[in-house]
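Let me begin by presenting the structure, written as structure tokens, before commenting on it.
The values are calculated or read from the model by the stated rules, or taken from the named source; none is laboratory data. Just so it is clear, the model here is predicted, and its values are computed rather than measured. Cβ: placed from backbone, ideal geometry, glycine included. Neighbour counts: every protein chain shown. Note: accessible area is taken over every heavy atom of the protein model, side chains too, but ligands, DNA and RNA are not part of it. Shrake-Rupley method; radii C 1.70, N 1.55, O 1.52, S 1.80 Å.
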Number of protein chains: 2
Amino acid sequence: MDSLTPTTAGRQEALAARYGAAAIPPAGPWNETIAGMLAHRSVRAFRPDALPEGTLETLVAAASSAATSSNLQTWSVVAVRDPAKRAAMAAIAGGQKHIEQCPLFLVWLADVSRNARLSEAEGVALEGLPYLEAFLVASVDAALAAQNAVVAAESLGLSTVYIGALRNDVVRVAELLDLPPGAVGVFGLCVGYAAVPGEVKPRLPQSMVLHHERYDATREQTQRAAYDAVLGEFSARNGMGPDGWTRRVIGRLGAIKAMAGRDKLVAALRAIGFPLK
Amino acid sequence: MDSLTPTTAGRQEALAARYGAAAIPPAGPWNETIAGMLAHRSVRAFRPDALPEGTLETLVAAASSAATSSNLQTWSVVAVRDPAKRAAMAAIAGGQKHIEQCPLFLVWLADVSRNARLSEAEGVALEGLPYLEAFLVASVDAALAAQNAVVAAESLGLSTVYIGALRNDVVRVAELLDLPPGAVGVFGLCVGYAAVPGEVKPRLPQSMVLHHERYDATREQTQRAAYDAVLGEFSARNGMGPDGWTRRVIGRLGAIKAMAGRDKLVAALRAIGFPLK
């Protein structure tokens, strides 16, 4: 039985790691690709080892292969190696050193600027561009593309972590990368070899996120308490304190100051070419 | 050489299908998972065959395994079987019959309502919730989760298509699914067995979407003309008319009326619990 043969035991183990042993969902089909996704964990400490030649292009080919709204392809990606730019982005992100240390750092852009240039070159107005809808489509396009790159990277034995904290200052990120109006760094992504092994983080049970026919939160408080216990045990085992999910949500969303500038995102986006009508 | 052994010839063929023969990127690492992603195509005609038992739960397990901002998990998903609800959503989406015909239809939610209920139950205000940032995080969370489900589905031999046109009327979708305030259907997803074989759609060349250190669009007009030719040939071969990318972008974004209601998304989101501050 080699690692390419997904087993029933492996499936149950993977589901238990993802949801906790008490919340394993009904068994379904399984294979190596799915097992790889179930094993995902975000990594914030990377070995300095370089990636194999062509890795970046393979990850972008996976990204290009994701669905994109009406084939508009309103995303782009910038690979950043320059240490000064990396340091500036680590500072924007509140001192996340892995941005400087990972062998590959990508900034994923929601990008309607390509369409704006097309409009200019063709002499045809694109009335749909200044809307929130266009920004949303571009952000979702960027997310679908990036997630394909993440799955590809992890299938190659690499690890990743998304850097949403680039949004603390999207104007400065745009300056650092010479972004044209209508392009914004939605998030970063560190890619490399994990420095230390780690444990899969348990998620909310399927009973809390999967609904049938209509949204039903009637049993949510009980389910949340159970998840608080599962996440609390994970956190304690991994030296992250005893807090469950409830305390962590409150810590993250309770006070405006935890937004670290992202409370000004509307104004910042308008300043770099997204009117958000 | 079985289908589980990715070959160099297979890689070049897959990259040529994705980018056109004249824009194949440098060769990089390759495996079965990546080959599966490269073979993606959106499908809008499904066989009526039911999915294997447990497929939905496996897809959601893959979705749960995607990264999520600060582990907030601000997404949910509703599986819709009811024919009347399916028909209503097909109508919202401009008559997309595959919404009624596919064996599994999922509506992916950007969902901060779970955090709002937590706030209420714990008696702690969550000041971060009413911001555009929270909506964006939730939409990106939903996209990362959905894309993992898509990769999982395709690895099982299933096909998919995203339905962004649910955003034509997010208020009505919220009514149909009894969504609480702070939950919105960002897009739908049809899942099933493709009724007909199809061809991979070529995307913009990597030279247009992948930048190094800084954004560089200096050669874009030439590159766009080349992609217009590649996409035009694909479209002609597949009975979709001779238009290249430029004409299609103008058709999609040129006039407000092509937005089919999505020009009112800001007001609609505010009506269902997203102040977008």
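Summary table below
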{"item": "Failed condition for B:A229, given (1) surrounded by fewer than 19 Cβ atoms within 10 Å (Cβ to Cβ); (2) in contact (Cβ under 8 Å) with a residue 40 or more places away in the chain", "result": "(2)"}
{"item": "Scan of the range B:205-222 for residues that are without any contact (Cβ under 8 Å) to a residue 24 or more places away in the chain and more than 10 Å from every other protein chain (Cβ to nearest Cβ), ordered by number", "result": "B:T218, B:R219, B:T222"}
{"item": "Selected residue (only one of A:A165, A:A236 is part of a helix (DSSP H, G or I), farther than 30 Å from B:V78 by Cβ and touching a strand residue (DSSP E or B) at 6+ places or on another chain (Cβ under 9 Å))", "result": "A:A165"}
{"item": "Test: residue in the range A:27-45 that is farther than 30 Å from B:T8 by Cβ and modelled with pLDDT under 95", "result": "yes"}
{"item": "Failed item in (1) among the hydroxyl-bearing types (S, T, Y); (2) surrounded by fewer than 24 Cβ atoms within 10 Å (Cβ to Cβ); (3) not in a loop (DSSP other than H, G, I, E, B), with A:T160 passing the rest", "result": "(2)"}
{"item": "Neighbours by Cβ (under 6 Å, 6+ apart or cross-chain): first from the range A:245-260, touching a residue at least 12 places away in the same chain (Cβ under 8 Å); second open to solvent by less than 50 Å² (accessible area, probe 1.4 Å) and of a type in the set (D, E)", "result": "A:W245/A:D228; A:T246/A:D228"}
{"item": "Matching residues in the range B:66-84 - criterion: being among the β-branched types (V, I, T) and more than 18 Å from A:V140 (Cα to Cα)", "result": "B:V78, B:V80"}
{"item": "Test for B:A183: is it within 11 Å of chain A (Cβ to nearest Cβ) and either in contact (Cβ under 8 Å) with a residue 12 or more places away in the chain or surrounded by fewer than 21 Cβ atoms within 10 Å (Cβ to Cβ) (or both)", "result": "yes"}
{"item": "Those residues of the range B:146-166 which are hydroxyl-bearing (S, T, Y) and at the interface with chain A (Cβ under 9 Å from one of its Cβ atoms), in sequence order", "result": "B:S155, B:T160, B:Y162"}
{"item": "Members of the range A:105-145 found to be farther than 20 Å from B:E220 by Cβ, facing another protein chain (nearest Cβ under 8 Å), in a helix (DSSP H, G or I) and not β-branched (V, I, T), listed by number", "result": "A:L132, A:E133, A:L136, A:S139, A:A143, A:L144"}
{"item": "Whichever residue in the range B:15-58 is open to solvent by less than 50 Å² (accessible area, probe 1.4 Å), more than 8 Å from chain A (Cβ to nearest Cβ) and of a type in the set (A, V, I, L, M) and, among such residues, is nearest to A:A27 (Cα to Cα)", "result": "B:L51"}
{"item": "Selection from the range A:114-134 of residues that are touching a Ser or Thr at 6+ places or on another chain (Cβ under 9 Å) and touching a residue at least 40 places away in the same chain (Cβ under 8 Å)", "result": "A:R114, A:N115, A:L129, A:A134"}
{"item": "Residues of the range B:69-100 satisfying the condition of being open to solvent by 10 Å² or more (accessible area, probe 1.4 Å), in contact with a Lys or Arg (Cβ under 8 Å, 6 or more places away or on another chain) and among the hydroxyl-bearing types (S, T, Y)", "result": "B:S70"}
{"item": "Residue tally, condition open to solvent by 30 Å² or more (accessible area, probe 1.4 Å) and modelled with pLDDT of 95 or more, over the range A:1-14", "result": "3"}
{"item": "Long-range neighbours under 6 Å by Cβ, at least six apart or interchain, first residue more than 7 Å from every other protein chain (Cβ to nearest Cβ) and modelled with pLDDT of 95 or more within the range A:59-83, second in a strand (DSSP E or B) and open to solvent by 10 Å² or more (accessible area, probe 1.4 Å)", "result": "none"}
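For every residue, the table says whether it meets (1) assigned to a loop (DSSP other than H, G, I, E, B); (2) touching a Pro at 6+ places or on another chain (Cβ under 9 Å).
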position: A:E175; (1), (2): no, no
position: A:V184; (1), (2): no, no
position: A:L189; (1), (2): no, no
position: A:R203; (1), (2): yes, no
position: A:T218; (1), (2): yes, no
position: A:Q223; (1), (2): no, yes
position: A:A229; (1), (2): no, no
